[in-house]
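Below is one structure; the comments refer to it alone.
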Amino acid sequence: MDVIRVEGGHSVTGTVRVEGAKNSALKLMAATIMAPGVTTLTNVPNIADVHVMGKVLKNIGARIEVVNVHELKIDTSDVDSWETPYHLVAQMRASTAVLGPLLSRFGRAVVAMPGGCNIGARKIDMHILGLEALGVEFKVDHGNIYASAPNGLVGDTVTLSFASVGATENLMMASVFAKGTTTIDNAAREPEIVDLANLLNEMGAKVRGAGSPVIEVEGVSELHPVTHEVVGDRIEAGTFLAVGALTGEPVRVTGFAPSHLGLVLKKFEQMGATVERGARECSVWRDRPLLPTDIQTLPFPGFPTDMQAQTMCLLALAKGSCIITENVFENRFMFASELSRMGADIVIEGHHAIVHGVDGFSGAQVRSPDLRGGAALVMAGLVADGVTTVSDIHHIDRGYEGFVEKLASLGAKIERATVPDEEDVEGF
Ligand code: UD1
């Protein structure tokens, strides 16, 4: 198995450039289904989840050419299937993002039901209810969702019971060719939603209001392929900026908009860090002790659940206690028990974590519970006493390109190693 080993206590400072956003790239790739021809996406991160979405598209007949690692030329001219099998959906739940585009292009889709997931049930009932309002009929059989719109999709008003990112995206994509106007009320407002709306509009769609709670989509008859740059990854940026707040030395991150991290950066300041914001870059450092502050995760512009673990890592070393409330996903505190193995003092009560700051972490063998939790454990290792070995790092590979290399470029003593499964993996 592959592990990441990190030795704590080394100077970590410098500049990192982030890649395009995973959560945007996956949906932009899905959206190319609706514009037959060759769409070029630039600034695409070279990560495992993008590779899975590539397989999903190839499976339905798309051709993909990779140019200089970060540019994808996706040819959807010959897409002739509307089925996404379980072995792909099981690898990545975001494969369900093809549901809307397939309905748009073919008026039908077969997508395997996503199974459970280690950060909660992650249902797709809101996607289904919203699409039903637009005239889509659903049947679930043998683990597959069969969707069809026998009379075509027709615009309507859909009010989401929660500002779900995935449901907003699927509805936006399904309504592009719908008759009349579709209104998505209580829509998610994440920057990745805006990026998707921008791509669709560049392709010829009429999407208004993305970034606000009400999105209106006026149906058009066709989309055409374009070239589009993926928005910078605010969560990758936030992770490296959290490293600056953790170690104290300046970390500068380029390639993203600090306005996409508004509340996260404010919280870092409340914790005692200094934040210097530019238009497309940001620096964070700290010359005071870490202070506790309460956090509650919420849809954008609230505090992102995808920054919860990295922030918990900081708060676990603060001078005092605080409460982190997770409102978006159940089961997103698995990271806490791994961090406790490194000396953190965290009590979980339902969707609250009570974090009592400790003086330091001690290096240990830990398992990456999920993508962000895995990154946060590596972060903890940067300041821990001794060596930390993080296993199950395929989670980290899903969403961070060159995580080890980027931290090493900042001065971290870190390596990726392959070890026999049951070996005692301590030490370099
Ligand atoms: C996306 C992001 C993920 C991020 C999350 C919230 C991608 C690939 N992933 O996930 O990194 O953490 O947004 O910002 O973009 N829910 C339902 N029914 C539904 C849909 C969602 O109950 O039909 C629930 C989910 O189980 C979850 C919550 O709503 O508890 C939020 O989900 P959602 O915003 O849809 O997140 P994703 O799109 O899955």
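The values are calculated or read from the model by the stated rules, or taken from the named source; none is laboratory data. Model, not experiment: these values are computed from the prediction. For neighbour counting, all protein chains shown are included, and Cβ atoms are generated from backbone atoms with ideal geometry for every residue, glycine included. Ligands, DNA and RNA are stripped out before the accessible areas are found, and what is left, the full protein with its side chains, is counted by its heavy atoms. Shrake-Rupley method; radii C 1.70, N 1.55, O 1.52, S 1.80 Å.
F268: of a type outside the set (S, T, N, Q) and either within 16 Å of the ligand (Cβ to nearest atom) or at pLDDT below 95 (or both), yes or no? Considered against the rule, which asks whether it is of a type outside the set (S, T, N, Q) and either within 16 Å of the ligand (Cβ to nearest atom) or at pLDDT below 95 (or both), F268 comes out as no. Residues that are within 18 Å of M34 (Cα to Cα) and of a type in the set (G, A, S) within the stretch 197-232 comprise A197, G204, A205, G219, S221, listed in sequence order.
When you look at V284, is it surrounded by 24 or more Cβ atoms within 10 Å (Cβ to Cβ), under 23 Å from the mean Cα position of the chain (by Cα) and over 29 Å from E71 (Cα atoms), yes or no? Against the criterion (surrounded by 24 or more Cβ atoms within 10 Å (Cβ to Cβ), under 23 Å from the mean Cα position of the chain (by Cα) and over 29 Å from E71 (Cα atoms)), V284 qualifies. Residue by residue through the stretch 39-62, note down the ones that are in contact with a helix residue (DSSP H, G or I) (Cβ under 9 Å, 6 or more places away or on another chain) and more than 16 Å from the ligand (Cβ to nearest atom). Across the stretch 39-62, the qualifying residues are T39, N43, N59, I60, A62.
In the stretch 321-342, how many residues are open to solvent by 10 Å² or more (accessible area, probe 1.4 Å), closer than 20 Å to V264 by Cβ and away from the ligand (no atom under 16 Å from the Cβ)? Explain how you work it out, then say what you get.
Filtering the stretch 321-342 for residues open to solvent by 10 Å² or more (accessible area, probe 1.4 Å) gives 321, 323, 325, 327-334, 337-338, 340-341.
From what is left, the residues that are closer than 20 Å to V264 by Cβ are 323, 325, 327-329, 332-333.
Then drop every residue that is not away from the ligand (no atom under 16 Å from the Cβ), which leaves 323.
Number of matching residues: 1.
From the list S148, S164, S175, the lone residue that is in contact with a helix residue (DSSP H, G or I) (Cβ under 6 Å, 6 or more places away or on another chain) and among the hydroxyl-bearing types (S, T, Y) is S164. Identification of strands (runs of 3 or more DSSP E) wholly contained in the stretch 259-333 with 2 or more residues that are within 24 Å of A344 (Cα to Cα) yields 281-285, 321-325.
Yes or no: the stretch 349-370 includes at least one residue that is without any contact (Cβ under 8 Å) to a residue 24 or more places away in the chain and farther than 30 Å from D2 by Cα. Checking the stretch 349-370: at least one residue is without any contact (Cβ under 8 Å) to a residue 24 or more places away in the chain and farther than 30 Å from D2 by Cα. Restricting attention to the stretch 232-258, which residues are in contact (Cβ under 8 Å) with a residue 60 or more places away in the chain, within 17 Å of the chain's Cα centre (by Cα) and either in a helix (DSSP H, G or I) or surrounded by fewer than 23 Cβ atoms within 10 Å (Cβ to Cβ) (or both)? Listed by number, the residues that qualify are R234, I235, E236, A237, G238, T239, F240, A242, G255, A257. Based on this model, can you work out whether G402 counts as over 22 Å from the mean Cα position of the chain (by Cα) and either open to solvent by 10 Å² or more (accessible area, probe 1.4 Å) or farther than 30 Å from A167 by Cα (or both)? The answer is no for G402.
Across the stretch 270-281, the number of residues qualifying as closer than 27 Å to E7 by Cα and open to solvent by 10 Å² or more (accessible area, probe 1.4 Å) comes to 2.
Within the stretch 205-221, if we keep just the residues that are in a loop (DSSP other than H, G, I, E, B) and in contact (Cβ under 8 Å) with a residue 40 or more places away in the chain, the residue that is most open to solvent (accessible area, probe 1.4 Å) turns out to be S221.
Yes/no matrix, rows are residues, columns are (1) within 11 Å of the ligand (Cβ to nearest atom); (2) part of a helix (DSSP H, G or I); (3) in contact (Cβ under 8 Å) with a residue 60 or more places away in the chain; (4) closer than 26 Å to A25 by Cβ:
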{"position": "G130", "(1), (2), (3), (4)": "yes, yes, no, yes"}
{"position": "I145", "(1), (2), (3), (4)": "no, no, no, yes"}
{"position": "N151", "(1), (2), (3), (4)": "no, no, no, no"}
{"position": "T168", "(1), (2), (3), (4)": "yes, yes, no, yes"}
{"position": "L171", "(1), (2), (3), (4)": "yes, yes, yes, yes"}
{"position": "F177", "(1), (2), (3), (4)": "no, no, yes, yes"}
{"position": "T182", "(1), (2), (3), (4)": "no, no, no, yes"}
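Checked against (1) more than 16 Å from the ligand (Cβ to nearest atom); (2) part of a loop (DSSP other than H, G, I, E, B); (3) crowded, with 23+ Cβ neighbours inside 10 Å, V69 passes all but a single condition, namely (3). From the list S95, S77, S81, S24, the one residue that fits, being within 16 Å of the ligand (Cβ to nearest atom) and either open to solvent by 10 Å² or more (accessible area, probe 1.4 Å) or at pLDDT 95 or above (or both), is S24. Summed over the stretch 359-386, residues that are open to solvent by 30 Å² or more (accessible area, probe 1.4 Å) and not polar (S, T, N, Q) total 6. On the given criteria, is N43 crowded, with 19+ Cβ neighbours inside 10 Å and among the polar types (S, T, N, Q)? Yes. Residues in the stretch 84-91 include none that are more than 24 Å from the chain's Cα centre (by Cα) and outside any helix (DSSP H, G or I). Quick one: I33 ticks every box in (1) closer than 30 Å to L382 by Cβ; (2) more than 16 Å from the ligand (Cβ to nearest atom); (3) part of a helix (DSSP H, G or I); (4) of a type in the set (A, V, I, L, M) bar one, so which box is it? That leaves (1) as the condition not met. Apart from one condition, E349 fits all of (1) within 28 Å of R416 (Cα to Cα); (2) open to solvent by 40 Å² or more (accessible area, probe 1.4 Å); (3) out of contact with any strand residue (DSSP E or B) (no Cβ under 6 Å at 6 or more places or on another chain); (4) more than 16 Å from the ligand (Cβ to nearest atom); the exception is (1). Is it the case, given these coordinates, that L171 is buried (at least 16 other Cβ atoms within 10 Å of the Cβ) and within 24 Å of the chain's Cα centre (by Cα)? So L171 fits the description; yes.
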